[in-house]
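Notes follow the structure.
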Amino acid sequence: MDGTVLSSLEDPALKGPRGLHISQTGQLQLVCGRGLQNVVQVNGEGGVVTLASKTYELCEPESVYFSACTSRVIVRWSNQ
């Protein structure tokens with residue numbers, strides 16, 4: 001890798017992005033938005049769908065991981 005930007009994503013649902021999950025094929029799949037306290041899923045066209053938010057008692061998400069073995073999304077958050 002030479003540091004070349006391959007793509008970028010801007011969306012109102014992504015404020016203060018923190019943790020990312022990249023699929024095995026190299027695609028951006030999940031993003032933690034600390035500013036809006038949410039976790040979003042990114043589709044192949046750059047659209048986003050909110051999977052979890054402060055409404056679901058998610059507070060300050062910091063990292064996210066998708067387990068293909070269990071088909072579960074795992075989120076680490078701060079409770080400070």
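Every number here is computed from the coordinates shown, using simple stated rules; none is lab data. What you are looking at is a predicted structure, and each value in this text was computed from that prediction instead of being measured. Note: ideal-geometry Cβ built from the backbone for every residue, glycine included; neighbour counts use all protein chains shown.
For the range 18-34, a tally of residues being closer than 13 Å to Trp77 by Cα, small (Gly, Ala, Ser) and either buried (at least 20 other Cβ atoms within 10 Å of the Cβ) or without any contact (Cβ under 8 Å) to a residue 40 or more places away in the chain (or both) returns 1.
Here's the yes/no breakdown for (1) over 17 Å from Asp11 (Cα atoms); (2) of a type in the set (Ser, Thr, Tyr); (3) part of a strand (DSSP E or B):
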{"residue": "Thr25", "(1), (2), (3)": "yes, yes, no"}
{"residue": "Cys32", "(1), (2), (3)": "no, no, yes"}
{"residue": "Gly35", "(1), (2), (3)": "no, no, no"}
{"residue": "Glu45", "(1), (2), (3)": "no, no, no"}
{"residue": "Val49", "(1), (2), (3)": "no, no, yes"}
{"residue": "Ala52", "(1), (2), (3)": "no, no, yes"}
{"residue": "Thr55", "(1), (2), (3)": "yes, yes, no"}
{"residue": "Phe66", "(1), (2), (3)": "yes, no, yes"}
